[in-house]
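Participant: Structure in structure tokens, see below.
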Amino acid sequence: MLSTKGSVSREVTRLRSSAMASQKKLQGLVAATVTPLTSDGKINLSVIGQYVDYLVDKQGVKNVFVNGTTGEGLALSSQERKQLAEEWVNQGKKKLEHVIIHVGALSLPESKELARHAAEIGASGISAIAPFFFKPTNKGALVAFLREVASEAPHIPFYYYHIPPLTGVKICIEDLLDGIKKQIPTFQGVKYSDTDLLDFAQCMDKYNKEQFLLLYGVDEQLLSALAVGATGAVGSTYNYLGQANNMMFQAYANQDFALARKYQFCIGEFLSFVFKLGFGVAQTKAIMTSLSGIPMGPPRLPLMSASEEFITKAKAKLDSLPFLTTYPAK
Ligand SMILES: CC(=O)N[C@@H]([C@@H](O)[C@H](O)[C@H](O)CO)[C@@H](O)CC(=O)C(=O)O
């Protein structure tokens with residue numbers, strides 16, 4: 001009896017692991033989605049279907065990262081995060097390839113609950129930032145936290161979300177990856193939102209055998225990350241500059257480095273312009289509303305809406321760079 005039970009559960013584990021292995025490999029662009037809000041500040045689930053179609057049909061982006069920084073995940077309640085996760089998974093069925101849910105939170109029980117929920121609803125993967133009020137001060141503490149979170153979703157990939165400019169947690173990823181699979185069996189990679197390309201390159205080189213996925217998260221430097229071997233990227237600008245970034249990926253793959261640089265420089269010109277005006281989640285939402293026609297609404301306090309002046313100037317700048325928004329016919 002016991003051995004039958006044991007072999008059934010081994011079989012279930014084997015099937016689940018092979019389901020994980022057979023999932024299409026995550027590569028290319030992943031849009032860090034914004035969270036649509038109504039004008040009175042409630043989450044607006046009614047436009048997620050339209051949002052999925054816009055990403056797939058107009059931007060050529062088939063992967064999303066939900067409830068992250070751009071999605072104001074840490075400003076949402078757990079209930080809102082779960083509703084958004086469910087809507088993205090449901091609307092993304094048969095259209096999106098990967099729906100990764102960010103489940104990081106300041107409290108471990110909350111993060112575990114969100115991880116469990118994401119697994120139950122059929123998310124393709126989960127990711128978590130380091131808690132940033134009481135911070136882990138060393139690798140052991142960080143891994144212990146992440147292990148507890150990841151173990152709530154034992155059959156889907158886990159990505160550590162490294163974003164030291166916002167969390168203040170600066171544990172070196174080259175060190176973090178050493179032996180991580182033994183501690184977190186579902187560990188798949190890192191969403192790397194930092195400019196430290198030395199650390200990033202060391203990870204690519206040193207852990208080549210493990211085939212970790214290092215998804216780069218600083219859009220204005222993506223080409224540099226491709227040069228050291230990145231095969232995927234998560235970012236806010238892929239919501240509306242997906243096509244241009246896909247072209248850059250393609251040019252790089254074709255070894256047309258002059259064209260790849262042209263895309264990166266042009267993207268850089270736009271971003272450098274908006275950075276000077278003041279750029280963040282609120283401005284990303286405003287740009288998305290203006291370009292996609294989908295009402296993304298205001299950000300949640302304490303973030304403040306982008307000014308009309310910002311929207312006008314950003315739009316005019318994009319219009320002056322048609323290379324970014326017009327594409328050769330397929
Ligand atoms: C700090 C920040 O928001 N970084 C963005 C970038 O995409 C960023 O908006 C872009 O590189 C422009 O600076 C992403 O790394 C964040 C992200 O992927 C997320 O929303 O989870």
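Participant: Given 37 °C and 0.692 mPa s, how large is the Stokes-Einstein diffusion coefficient of the range 56-98 in µm²/s, with Rh as the Kirkwood radius over Cα pairs? If you can, show how the numbers build up before the last one.
Facilitator: On the way: Rh = 11.1 Å.
So the translational diffusion coefficient is about 295 µm²/s.
Participant: What does the charge count near Asn239 come to, summing +1 for each Lys or Arg and -1 for each Asp or Glu among other residues with Cβ under 12 Å from its Cβ? List each step's numbers first, then the result.
Facilitator: Numbers: positive: Lys58, Lys285; negative: Asp219.
Charge balance in the 12 Å sphere: +1.
Participant: With the cut-off at 23 Å, tell me which of the pairs Lys112/Lys181; Lys82/Lys191; Lys93/Lys262; Lys94/Lys285; Lys58/Lys317 have Cα atoms farther apart than that. Present the calculation step by step, with values, prior to reporting the outcome.
Facilitator: On the way: Lys112/Lys181 19 Å; Lys82/Lys191 21 Å; Lys93/Lys262 35 Å; Lys94/Lys285 26 Å; Lys58/Lys317 20 Å.
Long pairs (Cα-Cα over 23 Å): Lys93/Lys262; Lys94/Lys285.
Participant: Select from the range 209-297 those trypsin sites (Lys or Arg not before Pro) which occupy a DSSP coil region and have at most 16 other Cβ atoms within 10 Å, ordered by residue number. Before the final figure, lay out each step's value.
Facilitator: Numbers: sites: Lys209, Arg261, Lys262, Lys276, Lys285; in loops: Lys209.
Passing sites in the range 209-297 are Lys209.
Participant: Enumerate the amide H contacts of Leu214 below 5 Å, restricted to partners 5 or more residues apart or on another chain; note that Pro and chain-start residues carry no placed amide H.
Facilitator: Placed amide hydrogens put Val190, Thr231 under 5 Å from Leu214.
Participant: Quick check: net charge around Ala150, other residues with Cβ under 12 Å of its Cβ, Lys/Arg +1 and Asp/Glu -1? Don't skip to the end; give the middle numbers.
Facilitator: Numbers: positive: Lys112, Arg116, Arg147, Lys181; negative: Glu148, Glu152.
Its environment carries a net charge of +2.
Participant: Continuing with this model, one more query. Apply the Karplus curve 6.51 cos²θ - 1.76 cosθ + 1.60, θ = phi - 60°, to the phi angles in the range 95-102 and return the couplings in whole Hz, x for Gly and Pro.
Facilitator: Computed from phi, the couplings for the range 95-102 are 10, 9, 8, 9, 10, 9, 9, 7 Hz.
Participant: I want to verify the translational diffusion coefficient of the range 26-260 in µm²/s; compute it with Stokes-Einstein, Rh as the Kirkwood radius over Cα pairs, at 4 °C and 1.567 mPa s.
Facilitator: 73
Participant: Which far-off residues, 5 or more places away or on another chain, put their amide H under 5 Å from the one on Gly125, with H placed in the peptide plane?
Facilitator: Residues meeting the amide H criterion: Val99, Ile101.
Participant: For the chain, what does the accessible surface come to per residue with a 1.4 Å probe? Please give it in Å².
Facilitator: About 46 Å² of surface per residue is accessible.
Participant: Let me check I've understood the local charge: for Thr325, count other residues with C-beta under 12 angstrom from its C-beta, Lys and Arg +1, Asp and Glu -1. What total comes out?
Facilitator: Values: positive: Lys58, Lys315, Lys317; negative: Asp319.
Combined, the nearby Lys, Arg, Asp and Glu give +2.
Participant: Now, a different point. Which entries of Lys24/Lys170; Lys24/Lys95; Lys276/Lys313; Lys42/Lys95; Lys25/Lys209 show an alpha-carbon separation above 20 angstrom in the structure shown?
Facilitator: Details: Lys24/Lys170 31 Å; Lys24/Lys95 13 Å; Lys276/Lys313 11 Å; Lys42/Lys95 26 Å; Lys25/Lys209 16 Å.
The answer is Lys24/Lys170; Lys42/Lys95.
Participant: Between Gln27 and Lys170, what is 0.36 nm times their sequence separation minus the Cα-Cα distance? Round to one decimal in nm. Each step should come with its number before you reach the end.
Facilitator: Working: separation 143, 0.36 × 143 = 51.48 nm, distance 2.56 nm.
Length gained between Gln27 and Lys170: 48.9 nm.
Participant: When the accessible area of the range 26-260 is split by element with a 1.4 Å probe, what percent falls to carbon and sulfur?
Facilitator: Using a 1.4 Å probe with all protein chains present, the range 26-260 comes out at 50 percent carbon and sulfur.
Participant: For Ser224 paired with Ser77, estimate the spin-label separation in nm (one decimal), with each label point 7 Å from Cα along the Cα-to-Cβ line.
Facilitator: 4.2
The values are calculated or read from the model by the stated rules, or taken from the named source; none is laboratory data. On a predicted model such as this, the values are computed, not experimentally measured, just so you know. Ideal geometry is used to build each Cβ from the backbone, glycine not excepted, and the neighbour counts take in all protein chains shown. Note: accessible area is taken over every heavy atom of the protein model, side chains too, but ligands, DNA and RNA are not part of it. Shrake-Rupley method; radii C 1.70, N 1.55, O 1.52, S 1.80 Å.
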